[in-house]
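I have placed the structure first, in the form of structure tokens, so that the comments after it can refer back to it.
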Amino acid sequence: MDDKQSKNPTLRSARWFRKDDLPGFVHRSTLAAAGWSREDLMTRPVIGILDTWSELNPCNLNLRALAEELRTGVLEAGGIPFEVPLMSISENIVKPTSFPLRNLLAMEVEETLRGYPFDAVVLLGGCDKTQPALLMGAASARMPFVFLASGPATPRSAGGGPLANATGVWRLVDQLRAGDSQCDFAAFERDVMGTVGHCAEMGTASSMSVICEALGVALPGSSLVPATDRRRSHFAREAGRRAVGLAASGGPRPEEILDARAFDNAITLLCAVGGSTNAIIHLLALAGRVGVPLSLDRFDAIARRVPLIANVQPAGEHLTERLMAAGGVPALLKTLAPLLHLDAPTVDGRTLGQIAEAATVLDPEVIRPLDKPVKPGETLVVVKGNLAPDGAVIKTCAADPKLRRHRGRAVVFEDVQTVADRIDDPALDIDEDSVLVLRNAGPVGAAMPEWGMLPLPRRLMERGVRDMLRISDARMSGTAYGAAVLHVSPEAAVGGPLALVRDGDVIELDVAQRRLHLCVSDEELARRREAWKPPPRRHVRGYRKLYDAQVEQAHRGCDFGFLRGADIDTLPEGLFDGWVGGW
Ligand code: FES
């Protein structure tokens, strides 16, 4: 950083440190205890390192080490690094579900960035919810940022068998339920999280990581480098240097990068990799934070023209390490170039088109040409109808194609416990054409856990059935698969039509027509609605009460309504700079 930049009076941190008044004295003297001199604080930009490391979260367990590398990069470029530990949301550990904590962490991020003297920030996330929460909070704070993911884990061969990963666990569970007792579950348990790092297939974490490159907020090629790979440290140092550059130039700021082009590019990449349906919810929420109008219809429109070109699980064969070896996200962008907004800016300083131009596809079996996709047809589809007036999604690339057009009798479960109690009951009236319906699992009903991949009845699995149509207002793990219509909106708990379905009702799904229809007359549905009573709200205090009252429906991204929008607040920034908030 040259002297002119370092003395840039427009730096946000100057409000704290570059004044010879009482607040300047208090702020500088406070941080003298952290080792920073008056000269440092008055001349150098301040970079936040927001870290979601936790011992409870192996997906993020390498973030402290990456923060050290980042610190080096910041110092090399002339900045002052401050690492800030944040809540860590461990997907497999948090009960009953991690989902509500996304908005809580996003609020923590936003208020941390607003309250502290950062000029730019690096966001360190890995597991499913930490990534979108960091993005949402930083976008709302309008703070220039670089996102760096923890990187995928490196799966090992479970007991000499195939590489153990989360999708493999789902398949193993299916095998066990189908009566195959040869499965070595113990070996999977030992090896499935064999190293630090997030899930190594195109689950939610990998989907959000690659999306960050397409959005333009992560360094090109950074997302898929394994968590244990030394190259990730190099990216960390570069991210630190880059953050200092963003501080010096004042941007680009999130709202200058996260525009409609960026979201189109992100959705295009999501479709091309057969990514997680959870990313749909997160992108809708993020768009709401920066005032970009984005609807489910836009996802469907883009999905119609984007083939599945990344041969990665769960829609394809390989893990993300092969995708990286094939050229990673830059090579995917090169292949997708005709479908992208190539003039979109990125934190790298180049446009997305310039990044794509410089890339090479190294393995055309893993990154396929547009005219030789891994599977034909769209990877995800948005359906609507009298059962989902505001829409629902289905990941068609991970479903049995013969269920794309289906008509069957509903078997309704009021909640997930009822599924566990009844699914293997010999008295349950069900066959392979039945439609499994789970309700009261939406954003308000149960904080939208990943229950959408309902288990199939054991007796049908033993007969070789491997997929059935399932419909719910829940989400589904990004590592899972199956013909699951998810995110039905509005959800049952707020009176959506899903609440009115009864056992034996006929349901029709027609993916080609984008139609999800409950074959019950309007008059009968009106009668049922008259008799419907909302389930009691379970939370009477604290954050979960706030969540229940404020969470929006899935088609709007499940954010809190009061966090949407582009306006920051009504108080001019710097209004109280002449005062000390406390000592
Ligand atoms: Fe953390 Fe999959 S459990 S990314």
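The values are calculated or read from the model by the stated rules, or taken from the named source; none is laboratory data. Keep in mind the model is a prediction, meaning the values are calculated, not measured. Reconstructed Cβ throughout: ideal geometry from the backbone, glycine too, with neighbour counts over all protein chains shown. We work out accessible area using only protein heavy atoms, side chains counted, and drop any ligands, DNA or RNA first. Shrake-Rupley method; radii C 1.70, N 1.55, O 1.52, S 1.80 Å.
Within segment 528-540, residues that are within 16 Å of N440 (Cβ to Cβ) reach partners that are in a helix (DSSP H, G or I) and of a type outside the set (A, V, I, L, M, F, W, C) with beta carbons closer than 6 Å, at six or more positions or on different chains, in the pairs R537/D548; H539/K545; H539/D548. Quick one: would you say P220 is open to solvent by 10 Å² or more (accessible area, probe 1.4 Å), assigned to a loop (DSSP other than H, G, I, E, B) and either within 15 Å of the ligand (Cβ to nearest atom) or touching a residue at least 12 places away in the same chain (Cβ under 8 Å) (or both)? Judged against the criteria, P220 is a match. For I80, the conditions (1) more than 16 Å from the ligand (Cβ to nearest atom); (2) among the β-branched types (V, I, T); (3) open to solvent by 60 Å² or more (accessible area, probe 1.4 Å) all hold with the exception of (3). The set of residues in segment 438-478 being within 16 Å of the ligand (Cβ to nearest atom), open to solvent by 10 Å² or more (accessible area, probe 1.4 Å) and either in contact with a Gly (Cβ under 7 Å, 6 or more places away or on another chain) or without any contact (Cβ under 8 Å) to a residue 24 or more places away in the chain (or both) consists of M453, S477. The residues listed here are M136, M87; of these, the one that is within 16 Å of the ligand (Cβ to nearest atom) and touching an Asp or Glu at 6+ places or on another chain (Cβ under 8 Å) is M87.
For segment 315-367, please list each of the helices (runs of 4 or more DSSP H) lying entirely inside it that holds at least 1 residues being without any contact (Cβ under 8 Å) to a residue 24 or more places away in the chain and more than 23 Å from the chain's Cα centre (by Cα).
Fully inside segment 315-367 and qualifying: 352-357.
With respect to the conditions (1) farther than 25 Å from E450 by Cα; (2) out of contact with any Pro (no Cβ under 7 Å at 6 or more places or on another chain), D400 lacks only one, and its number is (1). State yes or no: is R230 out of contact with any strand residue (DSSP E or B) (no Cβ under 7 Å at 6 or more places or on another chain) and either free of Cβ contacts under 8 Å to residues at least 12 places away in the same chain or buried (at least 24 other Cβ atoms within 10 Å of the Cβ) (or both)? Yes, satisfied.
Checking each residue in segment 120-132 for being more than 10 Å from the ligand (Cβ to nearest atom) and either among the basic types (K, R) or over 12 Å from V146 (Cα atoms) (or both) picks out only P132. Only one of the listed residues (V382, V361) is open to solvent by less than 30 Å² (accessible area, probe 1.4 Å), of a type in the set (A, V, I, L, M) and at pLDDT 95 or above. That residue is V382. Of the residues V540, V551, V506, the single one that is of a type outside the set (K, R), open to solvent by 10 Å² or more (accessible area, probe 1.4 Å) and modelled with pLDDT under 95 is V540. Every condition in (1) open to solvent by less than 60 Å² (accessible area, probe 1.4 Å); (2) free of Cβ contacts under 8 Å to residues at least 40 places away in the same chain; (3) more than 21 Å from the chain's Cα centre (by Cα) holds for A33 except the one numbered (1). For segment 271-293, the set of residues classified as farther than 25 Å from P373 by Cα and under 14 Å from the mean Cα position of the chain (by Cα) consists of I281, H282, L284, A285, L286, A287, listed by residue number.
Out of I93, I89, one residue alone is touching a residue at least 12 places away in the same chain (Cβ under 8 Å), open to solvent by 50 Å² or more (accessible area, probe 1.4 Å) and either within 35 Å of the chain's Cα centre (by Cα) or within 30 Å of S206 (Cα to Cα) (or both). It is I93.
The residues on offer are L525, L509, and the sole one that is closer than 27 Å to M468 by Cα, part of a helix (DSSP H, G or I) and touching a residue at least 40 places away in the same chain (Cβ under 8 Å) is L525.
Here S209 passes the criteria (1) among the hydroxyl-bearing types (S, T, Y); (2) open to solvent by less than 10 Å² (accessible area, probe 1.4 Å); (3) away from the ligand (no atom under 16 Å from the Cβ) except the one numbered (3). Among residues of segment 128-146 that are closer than 16 Å to T52 by Cβ, those with a Cβ under 6 angstrom from a residue that is polar (S, T, N, Q), sequence gap 6+ or separate chain, pair up as D128/T204; K129/S98; T130/T52. Scanning segment 291-343 for residues that are open to solvent by less than 30 Å² (accessible area, probe 1.4 Å), within 30 Å of Q513 (Cβ to Cβ), touching an Asp or Glu at 6+ places or on another chain (Cβ under 7 Å) and not β-branched (V, I, T) yields A303, N311, P314. Screening segment 41-58 for residues that are open to solvent by 10 Å² or more (accessible area, probe 1.4 Å) and within 16 Å of the ligand (Cβ to nearest atom) and picking the one that is nearest to F147 (Cα to Cα) gives W53.
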